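Asks: Structure provided below as structure tokens; questions to follow.
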Amino acid sequence: MNFKRIAFAGAAAFALAACGQDASGDAATQEAAASEASASSEAASAQQEADTVEYDAPSGVYSPDDGHRYIVFSYLHQGYSRPILRWDDWTGELDWNAEAPADSSVSIAIDAESINSGVEEFDGHLKGERFFDVANYPEITFVSTEVEKTGADTGTITGELTIKGATRPVTLDVTFRKGAYDERNNIYKLGFSGATTVMRSDFGVGAFVPVVSDEVDITIETEWEMPAPESE
């Protein structure tokens, strides 16, 4: 609401009345002020509605939708480019609390050998001892320890990330996308985006630092699903 304009309109109306102006002018001024106040109120209401997220998916244990789950990472390569790689195979569990999202938890397990750079020869290097050493460390895991709601559709998830036998705390910035009932498949669905940055040397994957950056940006896009009762 624009209080300065409304106050100015009120003062103008008083001055007109004092100078003997007719009541119609005063009424018009007051009507304009009321109209402006109403418009401001409607705009505020619309913004409040836009900032409200509906969690239209009940509490329960959700699994990743295999067709809509992505974990990718990128880094600066010798200052020239930022390659984008992904892990093709991973699973997890989301224990969702619809009434209190901060009480939710999530765990993820990645098949380290499923790393995909788009270059077969490079994939072989990444699977070797200098990097992920998948023969001895076949799995990468993340287990949440704390969830914090920071806004209508934002939050953070802190947890323990384990790569190549090294476990370190990591915090992801998370955006809640949507929660709904999927009538066609009779399932409930939730969608989230997450991002964080880690230092790969913290996990024993520091070959060629600093020629290739130590900082690695990780992005997660996931849709989670849970079967709905047959009666749905």
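The values are calculated or read from the model by the stated rules, or taken from the named source; none is laboratory data. In this text, all values refer to a predicted model and were calculated from it rather than measured experimentally. Cβ sites come from the backbone with ideal geometry, for glycine too, and all protein chains shown count toward neighbours. The protein model used for the area step is the full one, side chains on, heavy atoms only, and it has no ligands, DNA or RNA in it. Shrake-Rupley method; radii C 1.70, N 1.55, O 1.52, S 1.80 Å.
Asks: In region 128-147, which residue that is outside any loop (DSSP other than H, G, I, E, B) and of a type outside the set (Asp, Glu) is most open to solvent (accessible area, probe 1.4 Å)?
Replies: So, considering only residues that are outside any loop (DSSP other than H, G, I, E, B) and of a type outside the set (Asp, Glu), the one most open to solvent (accessible area, probe 1.4 Å) is 145.
Asks: Which of the residues spanning region 206-232 are under 29 Å from residue 63 (Cβ atoms) and assigned to a strand (DSSP E or B)?
Replies: Scanning region 206-232 gives 216, 217, 218, 219, 220, 221, 222, 223, 224, 225, 226, 227.
Asks: Same structure, new question: Across region 187-205, what is the total count of residues that are open to solvent by less than 30 Å² (accessible area, probe 1.4 Å) and assigned to a loop (DSSP other than H, G, I, E, B)?
Replies: The total comes to 1.
Asks: Oh, and also: Scan region 210-222 for residues that are open to solvent by less than 60 Å² (accessible area, probe 1.4 Å) and under 15 Å from the mean Cα position of the chain (by Cα) and report the count.
Replies: 5
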